[in-house]
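For reference, the structure discussed in these notes is given below.
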Amino acid sequence: MKTLKNFSETVIEENFFVIESKNHSIDTKEVSKDIDKSFIQFHFQIKGDSTFVFNQGNYKMNLSKEKYIVLYNPKKNLPVNLLLSQNSEIVSILISIKKFHKLFSEDAQNIHFLKDENANQKYYYENSITNPVFLTLNEIKRLDENSSTKNLFLKAKIYELFSHLYNRNRDQNIEQCPFLTNEENFKKIKKAKEIVIENMTNPPSLVELSDEINLSLKKLKEGFKKIYGKPVFQYLLEYKMELAKKLLTEDDNNVNEVSMKLGYSTSSHFITAFKNKYGLTPKTYKKSY
């Protein structure tokens, strides 16, 4: 067992924060954080699976891929003790019940655990991550850590996420987008993203990608932009640039090696793309880091 070092915590405001935990190693890793009983917890398993450990290991609860849980116990502290399996990602939102209640002050009686008669009752809920919630989580994951509006963006996206979870009419009001309402199309678009990333050094053409996921070229283009916010190859370029920054910070990678790993035919093409994106050359970035 290893303690997880590579996780990020962002404080949105007092008693309201987000933790993003990733484990890309082959070992199970542990995430621990003390949380008192005034908080309600939301945990979204985006990839892989994890195990929540309670009461000094006497009780364990598994959370599988694309599921989420909501935890609240007004009578007992619920510290986060999380065992994260390999190739797993989880996004956790922790907010005081008082602050959360204020968000729904006009609609609190329509949310089970906010009803007056349930105010002192513990609450546990598990469900699948819906497509709209998945899209919102994806936008949270893609946020630029150095953005000057990071907290504002996160707060807005978390409010959007809560609105998806607790909108009584979400089934009727869900955006009329075929890629949100059609589960099969949604999964095909997700598969397309996975394919271009797995083959980023030699990605398929849009026509080839369309054939591989069995979706028309028009629907592929429209769906990908609707779900991920940009066309396929622009998404791939930005993914490669983010990966480039990570690789450049590793001492054993020089600019030419990073260029080759990302599939560029010449390092000059990579240098131009990196400079266009970040305003400085890869070499300058590596030195400044």
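Each reported figure results from applying straightforward, stated rules to the coordinates on display, with no laboratory input. What you see is a predicted model, and the numbers here were worked out from it, not measured in a lab. Ideal geometry is used to build each Cβ from the backbone, glycine not excepted, and the neighbour counts take in all protein chains shown.
For the ranges 138-151, 90-103, what's the packing order if you count other beta-carbon atoms within 10 Å of each residue, average per peptide, and put the highest first?
Top of the packing list down: 90-103, 138-151.
Please report the relative contact order for the stretch 178-229, taking Cα pairs under 8 Å with a sequence separation of at least 6, and give it as a percent rounded to a whole number.
Values: 29 pairs, mean separation 20.0, N = 52.
Relative contact order for the stretch 178-229 comes out at 39 percent.
Based on the alpha-carbon gyration tensor of the stretch 178-229 and its eigenvalue square roots a ≥ b ≥ c, which shape applies: rounded if a/c is under 1.5, prolate if not and a/b is larger than b/c, or oblate?
Here the stretch 178-229 falls in the prolate category.
Which of the helices in the chain meet the span-like rule: DSSP H, Cα axial reach of 18 Å or more, Kyte-Doolittle mean at least 0.0? Mind showing how you got there, number by number?
On the way: long enough: 150-166 (24 Å, 0.11); 183-198 (22 Å, -0.92); 232-248 (24 Å, 0.29).
What comes out of the filter, once short or polar helices are dropped, is 150-166, 232-248.
Just subtract the alpha-carbon distance of E222 and S96 from 0.36 nm times their residue separation and send over the number in nm, one decimal. Show your work: numbers first, answer last.
On the way: separation 126, 0.36 × 126 = 45.36 nm, distance 3.91 nm.
Using 0.36 nm per residue and subtracting the Cα-Cα distance, I get 41.5 nm.
Could you give the nm distance between label points at L243 and T272, where each point is 7 Å from its Cα heading toward the beta carbon?
For the pair L243/T272, the computed spacing is 2.1 nm.
For the pair N58/S288, report the inter-label distance in nm, with labels modelled 7 Å from Cα in the Cβ direction.
Between N58 and S288, the label points sit 5.4 nm apart.
Computed FRET efficiency, Cβ-Cβ of E9 and K191, R0 25 Å: what is it to the nearest 0.05? List each step's numbers first, then the result.
Working: r = 32 Å, r/R0 = 1.26.
That pair, E9 with K191, gives E of 0.20.
Note down the nm distance, to one decimal, between modelled labels 7 Å out along Cα→Cβ at K47 and at Q86.
Those two pseudo-labels are separated by 1.4 nm.
Give the long-range amide H neighbours of Y123: residues separated by 5 or more places, or on another chain, with amide H under 5 Å away, using H modelled in the peptide plane at 1.01 Å from N.
So Y123 has HN proximity to Y72, N73.
Lysines near K98 by alpha-carbon distance under 27 Å, same-chain residues fewer than 8 away left out - which ones?
K33, K37, K67, K75, K76, K115, K122, K141, K150, K155, K157
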